Structures are given as C-alpha cells and as structure tokens.
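Worksheet: one structure, shown below.
Derivation of every value follows stated rules applied to the coordinates shown; laboratory data play no part. It should be emphasised that the depicted structure is a prediction, and the values quoted were computed from it without experimental measurement. No Cβ is skipped: glycine too gets one built from the backbone with ideal geometry, and neighbour counts run over all protein chains shown.
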Amino acid sequence: MRTIATCAATAAIASLSACTYNVPLSAQSGAAEVMSTKATKGSAYIVMSPELSSLGRTVKPGLICGAHSYPIYAGDVIRSSLIKTLEGAYSSVSASDSLPTAAQGPVFKFDVADFDPRLRFAQGFWSGSADANVDLAIRARVTSPTGAELITTTFRGQGHGSEDGQGCGMGADALSDAAAKAIRSAMENFVDKVINTGALQQPIAQTTQAATASAK
C-alpha cells in the first residue's frame with residue numbers, strides 16, 4: 001500500500017522532523033452478508049448528515065513519531081461503502097445530501113455517533129512497530145416513502161492494524177488496515193441489524209400497495 005507523506009525530511013522511527021502522512025482508505029461492502037430472501041428489486045435512498053459526509057480526524061501518536069500527524073478522511077469512503085452494501089439488497093441505490101422529493105422506497109438517514117482512530121509506536125532492537133485501532137459507530141434512521149419511521153438503530157465496527165519495520169510512515173498503513181476492518185465490520189453489522197431482520201419488507205410492501213391503490 002502506498003502512503004503519501006508531506007514532510008521536511010525522511011524520518012526514522014524516532015525522528016523529530018514533522019511530517020504529514022495521509023491515510024489511504026478504500027470502500028468496504030457488507031453486501032455478501034445480505035440474505036437472498038431479504039433482497040428486493042426496489043429502490044433505496046441514502047441521506048448522510050454533513051458531519052458524516054465530512055468525517056475525518058488527524059491522528060497524533062505518542063512519544064515515538066509524536067512530531068508527525070496522520071490525517072484520515074472517511075466520509076466519502078463510508079458513503080461508497082453504504083452504497084455498495086445496500087446494492088446487495090436493492091436494485092437501485094442513490095445517495096444525496098438532502099431528502100428525496102418523491103421516494104419510491106425506504107430512505108436511509110445516517111449520522112456519525114463515534115469515530116475514534118488511534119495509533120501508537122513501539123521501538124524494538126532492530127526495528128519498530130506501529131499498532132492502530134479504529135472504532136466507528138453510525139446512527140441509522142430508516143423511513144418509509146411517506147416519512148413513517150421504520151427503524152432507528154446504531155451500528156458499529158472495530159478494526160486493528162499493525163505494521164513492523166522502520167520509519168514513521170508505516171503508521172499510515174496500520175491506520176488504513178484498521179479503518180478498512182472497522183468500516184467492513186460496521187457494514188456487516190448494519191446488514192445484521194437492519195436488512196436481514198426483514199423489518200423493512202412488510203412496511204414497505206404495505207406502503208407500495210397503498211400508493212398503488214390510491215393511484216387507481
């Protein structure tokens with residue numbers, strides 16, 4: 001994995017040269033966990049809060065590599081992960097920063113509850129190690145096309161990553177691994193708590209039938 005660093009000099013693991021190591025992230029999906037009996041051909045809509053859309057933190061380790069910073073921006077990746085996950089249950093998934101005006105399926109509203117990335121380094125005799133942990137919690141509120149509340153819950157994910165070697169840059173790779181695991185775990189937890197329960201199927205079917213009847 002390639003880590004992009006901006007700094008004044010190449011840093012050894014205990015160097016005091018201040019560097020910024022951007023943490024690379026990639027979308028994760030929980031779609032594989034969706035039960036086939038819970039999949040539908042309908043539409044779903046994603047609305048993320050501004051706080052979740054712009055979610056990010058700058059991680060500072062302890063004494064070792066403490067002069068460096070590790071920015072991690074997760075908002076766009078979480079959006080992509082939610083889309084990929086819901087595509088396992090719905091044939092059409094759209095995401096927006098505002099509520100849809102004419103929804104034809106459930107509206108999933110997401111907000112951040114917790115995002116806590118942490119990083120620490122340990123100095124060995126010949127080399128060092130970086131250990132990272134990421135905790136992620138997202139609040140979900142699902143409403144019908146008419147605005148009736150169907151489900152309100154919080155889903156969570158945790159991840160751990162570690163790297164051995166030399167140089168403070170390996171901290172970004174450890175954080176990247178931990179964040180990927182946390183996001184994937186959160187998506188799988190979302191599927192378990194929302195999609196696979198079947199709690200959305202009957203209300204949505206009833207709403208669809210009512211809308212069809214009123215249009216006749």
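Amide hydrogen proximity for ALA95: with H placed 1.01 Å from N in the peptide plane, the residues at 5 or more positions away or on another chain lying under 5 Å are ILE46. Each residue of segment 137-149 is assigned a 3J(HN,Hα), and the resulting list reads 9, 10, 7, 10, 10, 10, 10, 6, x, 8, x, 6, 6 Hz, derived from the Karplus form 6.51 cos²θ - 1.76 cosθ + 1.60 (θ = phi - 60°), x at Gly and Pro.
Between ASP116 and SER162, the modelled label-to-label distance comes to 2.1 nm, taking each label 7 Å out from Cα in the direction of the beta carbon. Relative to the longest principal axis of the Cα atoms of the chain, helix 201-215 runs at roughly 50 degrees. When Cα extents along the principal axes in Å is calculated for this entry, the matching label among [x] 82, 35, 27; [y] 76, 29, 24; [z] 97, 44, 29 is [y]. Computed from Cα atoms, the angle from the helix 75-86 axis to the main principal axis of the chain rounds to 40 degrees.
Under the combined filter of DSSP loop state and at most 13 neighbouring Cβ atoms within 10 Å, segment 57-146 retains these chymotrypsin sites (Phe, Trp or Tyr not before Pro): PHE125, TRP126. Helical runs assigned H by DSSP (4 residues or longer) give the chain a calculated mean residue ellipticity at 222 nm of -7500 deg cm²/dmol, each run adding -39500 (n - 2.57) before division by the residue total. Neighbours of LEU52, meaning other residues whose beta-carbon lies under 11 angstrom from its beta-carbon, give a summed charge of -1 when Lys and Arg score +1 and Asp and Glu score -1. Loop-resident trypsin sites (Lys or Arg not before Pro) (DSSP state other than H, G, I, E or B) in segment 77-156 with no more than 12 further Cβ atoms inside 10 Å of their Cβ are absent. Per residue, the average separation of C-alpha pairs within less than 8 Å and at least 6 apart gives the chain a relative contact order of 23 percent. In straight-distance terms, cross-link reach from LYS193 covers every one of the lysines whose alpha-carbon lies under 21 Å from its own, apart from those fewer than eight places away in the same chain; here that gives LYS38, LYS41, LYS84, LYS109, LYS181. Using the Cβ of LYS84 as centre and a radius below 15 Å, the other residues enclosed give a net charge of -2, where K and R count +1 and D and E count -1.
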